[in-house]
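Novice: I'd like to ask some things about the structure below.
What follows draws every value from the coordinates through simple rules; no lab data is involved. These figures come from a predicted structure and were not determined experimentally. Note that each Cβ is placed from the backbone with ideal geometry, even for glycine, and that neighbours are counted across all protein chains shown.
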Amino acid sequence: MNFLVTADLAVADGDGTFVTRDGALFFRGAVEMTTKGGIGVSSSVVYNLFLLACKSHSLFPAYEKHGRVVVRSVDGVFSCVFYDGKFLFVCRDTYGVEPLFWGETDGGLWLSSTPWRTPWHHFPPGHFALVDMHNEKATNFTSIATCRWSEDTFHGHLRAAPNYHKLLITNYLRDAVAKITRQHTDAVYLLSGGVCSTILAYVGMELKKKSNGGGGTITTCAIGFEDSPDLLAAAVVAKHLGSEHIELQLQYDDVTTEVVAQVTRQLRDAGGDAIATAIPYHMASMELRARGHTALISGEGGQAIWGGYADSDEAFFLQKTRTLYGVYRRELRQSVHVHRMTGIRCHVPFLETNMVEVSMNMHGNFKRPADGDKPDKPALRYAFADVLPPDLLTRPHVPFDHGVGSSWREYLDLKAQAEGFLDATTWFAHI
């Protein structure tokens, strides 16, 4: 059987082994590491080891020594493809932050970080596949089995004093952002003025000043059209934090049919609302890439696991569980994966594994608003209430496709009608 790993997903070592991604990986527990070429660490006990290695050696040495079980020790996001001449090993991080697609090609299998050809399928997050490439029956795409490697023990029953929950949230969120900023010291914080992006920007500024002896600042970026409420809200937050603020004001006239088609073909499975969200992200990402930026930090995922309303704690827990396990098909597809298309890494601290555990195990009486008239995400708002002024923490959740421009959705519908379709969603479906 033949297989193809597209160039945007992987690089090949001289021995034919394919590995993916560059940058930082954290390992939980004891992992003995040796590497080729002297890159990495040799130690009998490695705990939360920060590895800054070249992309062909970031995960491969651990896999070479310990086999597929090593993925249980990785604390980070990744998609990887290894081939040792006999077995093809494919694996993806727990919640699908890193994109990975696969499908059947003529007489073989393809894998890519983009939907390379049709038909294509999501490689399931939190799973791996081990394929014996010398067994013709085993390499039939329809018969390849995927196995879950990640283990979630969510229960949603942790009751504790509010200050204990606050301590968990603040400490784990700082750790999540710190892991990113060690690797990308100049990462840009996407800022909408909402509670999630505001908190991340605050944490980033706090870490920056701590690492620079009280000085330094971060770069924030707001995205929107001229009638965007997000631009106004983000400017207030940036002024309070004292960040270097980039305001990317998009123009409706720049939303060409070619731009819409390019995004739609990549995200057709995500639905019309997701595509409407992804188009401005794509335009902004192209501009940021042209300016030389390569890494972003986003509040995506915060609404998925902390926000929303429900009639009961049980219903809220079930709602958040469904949202979390579907986040790779919607929230991440319309944001993180769109930035990936332009060559920018977009990091999402709220979906770091420890942060997810804290949220999903916390009882609903602390996470769920007392009534529908109050803003959602009360736990996050409370955790940072003593360091951020109330007016920065009281803005209700505004979906990006509404916050980016008050007339954005109306403009898309009018543009679709000019193309001969009923509305934008119908237009997307026909591209």
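Novice: Report the dimensions of region 172-271 along its three principal axes from the alpha-carbon atoms, largest first, rounded to Å.
Specialist: 49, 28, 21
Novice: Per q in 0.24 Å⁻¹, report the Debye log10 I(q)/I(0) for region 336-431, using one uniform scatterer on each alpha carbon and no solvent.
Specialist: With one equal scatterer per Cα and no solvent, log10 I(q)/I(0) is -1.21.
Novice: Taking the convex hull of the Cα atoms, report for region 65-170 its projected area averaged over all directions, in nm².
Specialist: 9.2 nm²
Novice: Turning to a different aspect of this structure: Roughly how many nanometres apart are two label points built 7 Å out from the Cα toward the Cβ at Asp106 and Glu247?
Specialist: 5.4 nm
Novice: Next question. Please work out the FRET efficiency for the pair Thr153 and Ser73, using the Cβ-Cβ distance as r and a Förster radius of 22 Å; give the result to the nearest 0.05.
Specialist: 0.85
Novice: Which ordering of Tyr202, Tyr382, Tyr309 is given by a fewest-first count of other beta-carbon atoms within 10 Å?
Specialist: Lowest to highest Cβ neighbour count: Tyr309, Tyr382, Tyr202.
Novice: Relative contact order for region 317-424 using alpha-carbon pairs under 8 Å, separation at least 6, rounded to a whole percent?
Specialist: This gives 12 percent for region 317-424.
Novice: Could you list Leu288, Leu167, Leu191 in order of exposure, starting from the residue whose Cβ has the fewest other Cβ atoms within 10 Å?
Specialist: Fewest-to-most ranking of Leu288, Leu167, Leu191: Leu167, Leu288, Leu191.
Novice: Using the count of nearby Cβ atoms within 10 Å as a rough guide to exposure, how do Val358, Val69 rank from fewest to most?
Specialist: The fewest-first ordering by Cβ neighbours comes to Val69, Val358.
Novice: Can you tell me the order of 115-122, 372-379 when each peptide is scored by its average per-residue count of other Cβ atoms within 10 angstrom, highest first?
Specialist: So the peptides 115-122, 372-379, ranked by packing, come out 372-379, 115-122.
Novice: Relative to the present Cα-Cα distance, how much length would full extension add between Leu318 and Phe87 at 0.36 nm per residue of separation?
Specialist: The span from Leu318 to Phe87 would gain 79.4 nm if fully extended.
Novice: Further question on the same structure: Using 0.36 nm per residue of separation minus the Cα-Cα distance, give me the extension gain between Ala290 and His240 in nm, one decimal.
Specialist: Extending this stretch completely gives an extra 15.2 nm.
Novice: Something else about it: Once the Cβ-Cβ distance between His66 and Gln417 is put in as r, and R0 is 51 Å, what FRET efficiency do you end up with, to the nearest 0.05?
Specialist: 0.35
Novice: Taking 0.36 nm per intervening residue step and subtracting the Cα-Cα distance, what contour gain separates Asp132 from Ser406 on full extension?
Specialist: Gain on extension, Asp132 to Ser406, equals 93.3 nm.
Novice: Assuming R0 = 22 Å, can you tell me the calculated FRET efficiency for the pair Glu226 and Asp186, based on Cβ-Cβ distance, to the nearest 0.05?
Specialist: Calculated value: 0.20.
Novice: For region 299-356, go through all pairs of different Cα atoms, get the mean of 1/r, take its inverse, and jot down that Kirkwood value in Å.
Specialist: 12.1 Å
Novice: A further question follows. So if the hydrodynamic radius of region 235-374 is defined as the Kirkwood radius over C-alpha pairs, what does Stokes-Einstein give as its diffusion coefficient at 20 °C and 1.002 mPa s, in µm² per second?
Specialist: 127 µm²/s
Novice: Taking every pair of distinct Cα atoms and averaging 1/r, then inverting, what Kirkwood hydrodynamic radius in Å comes out for region 162-425?
Specialist: When all Cα pairs of region 162-425 are included, the Kirkwood radius is 18.9 Å.
Novice: When only DSSP loop residues count, what trypsin sites (Lys or Arg not before Pro) in region 238-296 have their Cβ near at most 13 other Cβ atoms within 10 Å?
Specialist: Of the trypsin sites (Lys or Arg not before Pro), the ones in loops of region 238-296 whose Cβ has at most 13 other Cβ atoms within 10 Å are Arg291.
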